[in-house]
1. Taking 0.36 nm per residue of sequence separation and subtracting the Cα-Cα distance, how much length would be gained by fully extending the chain between S223 and I113, in nm to one decimal?
2. Across 5 Å bins from the origin, how do the percents of Cα pairs in region 277-426 run, short distances first?
3. Starting from the Cα of D338, step 7 Å toward the Cβ, then list every residue of region 349-364 with an amide N under 15 Å from that point.
4. Under a 1.4 Å probe, what is the accessible area of region 106-192 per residue, stated in Å²?
5. Quickly work out the A425-to-A379 label distance, labels modelled 7 Å from Cα along the C-beta direction, and quote it in nm with one decimal.
6. Grab the beta carbon distance between R367 and Q174, set R0 = 25 Å, and tell me the FRET efficiency rounded to 0.05.
7. Between A387 and A2, what is the FRET efficiency for a Förster distance of 22 Å, r being their Cβ-Cβ separation, to the nearest 0.05?
8. In whole percent, how big is the carbon plus sulfur part of the accessible area of region 276-426, probe 1.4 Å, protein atoms only?
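The values are calculated or read from the model by the stated rules, or taken from the named source; none is laboratory data. Every value quoted in this text rests on a predicted model; they were computed, and no experiment measured them. Quick reminder, even Gly has a Cβ in these numbers, built from the backbone with ideal geometry, and neighbours come from all protein chains shown. Heads up: the accessible areas ignore ligands, DNA and RNA and are worked out on the full protein's heavy atoms, side chains in. Shrake-Rupley method; radii C 1.70, N 1.55, O 1.52, S 1.80 Å.
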Amino acid sequence: MAGRVHIIGAGLAGLSAAVRLSQAGARVSIHETTQYAGGRCRSFHDDQVSAVIDNGTHLILSGNTEVLTYLERVGARENLVEGARAVFDFLDVQNGKRWSVDLGFGVGALSLIKWLADKHRQPPGLKPFQFLRDIRALKRGRGKTVAQCLDIKSELYRTFWHPLCLAVLNAEPQEAAAVLIWAVLKETVFKGGAYARPLFAPDGLGPALVDPAVAYLRSQDVSMYFQRRISSLVVTDGLCTSIRFHNAAEVLGDSDAVIMAVPHHAVAELVDGIDAPDASRAILNVHYRLSGAVDTPTIVGPAIVGLVGGECQWLFRRGPIVSVTVSGANAWMDKDTDAIAHALWPEVARALRLDGDIPAYRVIKERRATFAATPEALAHRPGTRTAAANLYLAGDWTDTGLPATIEGAVKSGRLAAEAVLEDAAS
Ligand SMILES: Cc1cc2nc3c(=O)[nH]c(=O)nc-3n(C[C@H](O)[C@H](O)[C@H](O)COP(=O)(O)OP(=O)(O)OC[C@H]3O[C@@H](n4cnc5c(N)ncnc54)[C@H](O)[C@@H]3O)c2cc1C
């Protein structure tokens, strides 16, 4: 294309757009307000736990094809290591009961049917006919919450649907949009265990997903400006004509385009007239550094444990670092960090069968981790194109059909890039 594409925001949506555009030979500039790429998905060295940690642990599944294609494009597919089977260990922190949800490694409906027929691979309380009724209700759940589609008094709700909803939508089932959980299940679990295997980033999310894209973009001569906060976009007569920053402005040429890949809460300050979900939900992560070897039946190597009946929903282990996640965590945001770490440690100790004092820790609060995935919010998710002919949108909050996830962010960036290329060609 003749012009240059300016991408605002170097989160995964912006990076994905830049990668797709530079592969097509477009000239690209990225403007990012912070000093680093990755946005809400980043890694850094933390002195308190003496390790590289992620801002929050992220669950990525083998059915996340947008993520895998993005990594293939930048030559870094091997950075995510796949579990051999779709197995997730669980612990009920109230009664100590442990089980595994083992979706296997098959492909297609037969894989799901085999799973439904095998009690040993299911969560407690699963009755196949009830499960099939539940998924039919979620599929038809447009305008409804997850809780409105399910029997919230059933054991399966407690052991499976409730933790799944919090993990996938970062919202309680009472407010979470049913169609979004359906969208994720359709791309993963319902395609068979082969599509629901967890993908691990052994060195962290940044090294796996962000650094290779930045290296690739640099190799393609993409201009990357960090610590450049865009303060507004000027739109005149249906065209974005300049980008303002630091009391300066970059005036756009006639063939230039802009992809705004900022989070939902940053849209309004940049440009008027673009709808976006306005409420956010928080995620809390606590990273503990274990000293000495940890040898338990459930935790060997990189591992994930779902926690039911407590405050945390997930426990991830990477080397000596054990990280727990509390989703839908708005109520935790104003609590003291030391009090949080002490309050959650007993659940970790129980899951890993550890004795002894609380080890070194780092608490990370992400107040605006995702938009609130309610049925009402879905009406405020715009598509890629805007009223300004050369202004496009990307970000996990745009209308990808998916929840606010890495998969959704990467997809949104690809869609925006393809819209730019399509319009330039027409
Ligand atoms: C703690 C936590 C846990 C999560 N867990 C999971 C999970 O398990 N699985 C999963 O798939 N997803 C998970 N997510 C969601 C996932 O991280 C996000 O959906 C994804 O990273 C969003 O990418 P994005 O590019 O749309 O937005 P962002 O990552 O927010 O990127 C937007 C970028 O725009 C920049 N920016 C903002 N304003 C300006 C401006 N004015 N000028 C220039 N730049 C600007 C920001 O600095 C940022 O770098 C989690 C998120 C968090 C916070």
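1. 34.6 nm
2. 2, 9, 15, 15, 13, 11, 10, 9, 7, 5, 3, 1, 0, 0
3. Residues passing the 15 Å test: 358-363.
4. About 48 Å² of surface per residue is accessible.
5. 3.6 nm
6. According to the calculation, E is roughly 0.75.
7. After rounding, the FRET efficiency stands at 0.45.
8. Roughly 49 percent, rounded to a whole number.
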